[in-house]
Each structure stands twice: as C-alpha cells, then as structure tokens.
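Take a look at the structure set out below.
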Amino acid sequence: MNMRSRRAISLIELLAVLSGCSVVLGLTASLLHQTMRAQSHTRDFFDVERNAQRLARQFRSDVHAAAVDSIDVDLADAGDGVLLQMELPDGQSVAYQRAAEKIIRIASQTDGPTAREEYALSESIEIDVRELDAPRRVELSITSSPPQPSQEAPPSPASIRATPVNLKVDAIPARDLRYAAPATSAGEAT
C-alpha cells in the first residue's frame with residue numbers, strides 16, 4: 001500500500017488557523033489600546049506637573065519683585081475669581097485668577113493687559129492664597145482630592161483619572177534685588 005501525501009487543507013484546519021490569527025489580532029489590538037491609554041494618562045500627568053512648576057516659578061518671581069505693601073490677598077470674596085493682585089516696581093500690575101481647573105495670570109500696564117498665561121491643573125482643585133508673618137511672606141497652596149463617591153451620580157471618568165496636585169509655594173516680597181533701591185553708605189548724605 002502506497003500512502004499518498006496530502007496536498008489539500010481541510011476546512012477544519014483552515015477554521016482553526018483563522019481562529020488563532022483572530023485571537024492574536026484581538027490581543028494585539030487590546031494591548032495597543034492599553035498602551036495608548038497609559039501614554040495618554042502619563043502625558044496628562046506630566047502636563048499638570050509641568051504647569052504646576054511653571055506656576056510656582058512665576059508666582060515666586062512675581063512676589064519677589066513686588067513691593068511689600070503692594071500685595072493684596074484679600075480678594076477671594078470679590079466674586080470675580082481674583083486670588084491675588086500685586087504691583088511690580090516697573091508699573092506693571094499682576095493678578096492671579098481662578099477659572100475652573102485653571103489659574104490665570106494677567107499682567108497689565110495702565111493702558112491694558114500686556115500678558116496672559118494659563119496654568120491648566122486638574123479638576124476639583126482647592127486654592128488658598130494667604131499672607132503670613134514672621135517672616136512676612138505670601139503662600140499659595142493648591143491641593144486636589146480624589147472624588148468622593150456619592151449615591152446620586154457616579155464620578156466621571158475624567159475626574160477619576162485626574163492628576164492629583166499638591167503644591168505649596170512660599171515667597172517673600174521685595175526679595176528680588178534687581179528692583180531694590182541702591183544702598184547708600186553711612187558716610188554719604190541722604
């Protein structure tokens with residue numbers, strides 16, 4: 001008896017190979033989706049971190065340049081979202097405002113606004129600006145807490161994924177020596 005070699009593929013074998021390929025393609029698509037989602041969350045996290053660092057640097061710079069008596073932090077009750085207002089020695093006024101999940105810095109001269117910067121942070125942030133003594137300084141603190149579960153409505157997916165922000169910036173006014181008046185020696189007449 002002569003065994004003949006098989007040259008054709010049966011329908012069952014073809015279905016098994018197609019099923020295996022579709023499982024591999026499905027797993028690949030799922031892995032790619034999860035990777036892209038993780039990359040998106042990571043990018044959002046680093047965007048918030050970068051904005052918090054930019055805000056801290058600019059806030060310190062503004063407070064260091066402002067005169068001690070030109071800082072007004074009691075504006076939270078004004079209702080327009082202004083958190084802090086200060087006058088810089090070059091005649092420029094700077095205001096920090098809150099707008100949803102952003103903090104907006106507006107610099108203006110007497111003729112109108114000259115610069116506007118937005119610092120996008122995460123949802124549900126709590127902002128506190130206060131003036132402290134010993135040594136006299138201005139403190140900006142920003143915190144965010146995870147959403148609290150409620151019975152009425154579940155939290156949104158965006159609020160669940162929100163990047164937690166914990167930022168505390170202390171700055172001493174009139175610390176920038178570029179704006180300080182030149183010192184006179186004891187022997188000079190004033």
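The values are calculated or read from the model by the stated rules, or taken from the named source; none is laboratory data. What you see is a predicted model, and the numbers here were worked out from it, not measured in a lab. Cβ placement follows ideal geometry from the backbone for every residue including glycine, while neighbour counts extend to all protein chains displayed.
The sole residue among GLU117, GLU131 that is in a strand (DSSP E or B), modelled with pLDDT under 90 and within 23 Å of PRO89 (Cβ to Cβ) is GLU131. Answer with yes or no whether ALA52 is at pLDDT 85 or above and either closer than 19 Å to ASP170 by Cβ or part of a loop (DSSP other than H, G, I, E, B) (or both). Spelling it out, ALA52 is indeed at pLDDT 85 or above and either closer than 19 Å to ASP170 by Cβ or part of a loop (DSSP other than H, G, I, E, B) (or both).
All conditions but one from (1) in a strand (DSSP E or B); (2) free of Cβ contacts under 8 Å to residues at least 40 places away in the same chain; (3) basic (Lys, Arg) apply to ARG57; the one that does not is (1).
Evaluating GLU123 against the criteria (1) of a type outside the set (Ser, Thr, Tyr); (2) modelled with pLDDT of 80 or more; (3) outside any strand (DSSP E or B); (4) in contact with a helix residue (DSSP H, G or I) (Cβ under 8 Å, 6 or more places away or on another chain) leaves one unmet condition, (2). Among the residues of the stretch 32-47, those that are of a type outside the set (Ser, Thr, Tyr) and modelled with pLDDT of 90 or more comprise LEU32, HIS33, GLN34, MET36, ARG37, ALA38, GLN39, ARG43, PHE46, ASP47. Apart from one condition, ARG98 fits all of (1) assigned to a helix (DSSP H, G or I); (2) surrounded by 13 or more Cβ atoms within 10 Å (Cβ to Cβ); the exception is (1).
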